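Engineer: Quick one: the structure is below, and I'll ask about it shortly.
The values are calculated or read from the model by the stated rules, or taken from the named source; none is laboratory data. Everything numeric here is computed off the predicted structure, so don't read it as measured data. Cβ sites come from the backbone with ideal geometry, for glycine too, and all protein chains shown count toward neighbours.
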Amino acid sequence: QFSEVNESLGAYAIEGHRHLAEIVQELSGLASPHPALRADLPTGWGGGLTFVPHLVPMTRGILATCYFDLKGSVGELQDAYREFYAGQPFTRVVDKTPATKLTTHSNLCLVNVGAQGRKAVVTAALDNLLKGASGQGIECFNIAFGFDRTTALTGALQWP
């Protein structure tokens, strides 16, 4: 109900979100070539990664912030993210913390990597209506039928 979420912000799935396994799966690929990350990523993230989603009454956008123990330097972690996402047309590792407004009406995911003490802080912003399942569907269609994977996904969509 809109009346229950309007003018409100709340955390949910504190005990574990349904997408946590997918996050761990994808980030495990990031860890394998980087010894400074290997200790926590593939096997240790069941208890090592903190991800708590929050519900915000907005039409478009997800801002995810994940925390985990930093094994190497923040520079090594930033380099690992940049290497992992190099060549990906829709994911950009950025120097400043992203905001949802920066990805609205696009298929982009902006990722920032930082640290607070010995905790890594990784923040990602995306437009969940385009970068979500609909954008994934178009990208998969493009790949399956031999089109460039970015076809129909680079222009701004204005509704809603």
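Engineer: Looking only at the stretch 56-105, count how many residues are closer than 28 Å to residue 143 by Cα, of a type in the set (S, T, N, Q) and part of a loop (DSSP other than H, G, I, E, B).
Structural biologist: Result for the stretch 56-105: 3.
Engineer: Which condition breaks for residue 136 when tested against (1) surrounded by fewer than 16 Cβ atoms within 10 Å (Cβ to Cβ); (2) assigned to a loop (DSSP other than H, G, I, E, B); (3) polar (S, T, N, Q)?
Structural biologist: Residue 136 satisfies all of (1) surrounded by fewer than 16 Cβ atoms within 10 Å (Cβ to Cβ); (2) assigned to a loop (DSSP other than H, G, I, E, B); (3) polar (S, T, N, Q) except (2).
Engineer: Oh, and also: Please find, within the stretch 14-45, the residue that is farthest from residue 56 (Cα to Cα) out of those that are modelled with pLDDT of 65 or more and touching a strand residue (DSSP E or B) at 6+ places or on another chain (Cβ under 9 Å).
Structural biologist: Applying the filter and picking the extreme gives 27.
Engineer: Could you tell me which of the residues 70, 110 is modelled with pLDDT of 95 or more and crowded, with 16+ Cβ neighbours inside 10 Å? Break it down into steps so the answer makes sense when it comes.
Structural biologist: Values: 70 fails: modelled with pLDDT of 95 or more.
Result: 110 is the single residue among 70, 110 that is modelled with pLDDT of 95 or more and crowded, with 16+ Cβ neighbours inside 10 Å.
Engineer: Are any of the residues in the stretch 140-151 of a type in the set (A, V, I, L, M), modelled with pLDDT of 90 or more, farther than 30 Å from residue 5 by Cβ and touching a helix residue (DSSP H, G or I) at 6+ places or on another chain (Cβ under 8 Å)? Lay out the reasoning, then the answer.
Structural biologist: So the first thing to find is which residues in the stretch 140-151 are of a type in the set (A, V, I, L, M), and the list is 143-144.
So of that shortlist, the ones also modelled with pLDDT of 90 or more come out as 143-144.
The next check asks that each one be farther than 30 Å from residue 5 by Cβ; those that pass are 143-144.
Pick out the ones that are also touching a helix residue (DSSP H, G or I) at 6+ places or on another chain (Cβ under 8 Å) and you get none.
For the stretch 140-151, residues of a type in the set (A, V, I, L, M), modelled with pLDDT of 90 or more, farther than 30 Å from residue 5 by Cβ and touching a helix residue (DSSP H, G or I) at 6+ places or on another chain (Cβ under 8 Å): absent.
Engineer: Quick check, is residue 112 under 17 Å from the mean Cα position of the chain (by Cα) and part of a loop (DSSP other than H, G, I, E, B)? Break it down stepwise before answering.
Structural biologist: On the way: under 17 Å from the mean Cα position of the chain (by Cα): yes; part of a loop (DSSP other than H, G, I, E, B): no.
In short, no.
Engineer: Within the stretch 1-13, how many residues are in a loop (DSSP other than H, G, I, E, B), aliphatic (A, V, I, L, M) and either more than 15 Å from residue 66 (Cα to Cα) or at pLDDT below 80 (or both)?
Structural biologist: We begin by selecting, within the stretch 1-13, every residue in a loop (DSSP other than H, G, I, E, B); these are 1, 6-9, 12-13.
With aliphatic (A, V, I, L, M) added as a condition, the list becomes 9, 13.
Among the residues that remain, those that are also either more than 15 Å from residue 66 (Cα to Cα) or at pLDDT below 80 (or both) are: 9.
The number of residues fulfilling the criteria is 1.
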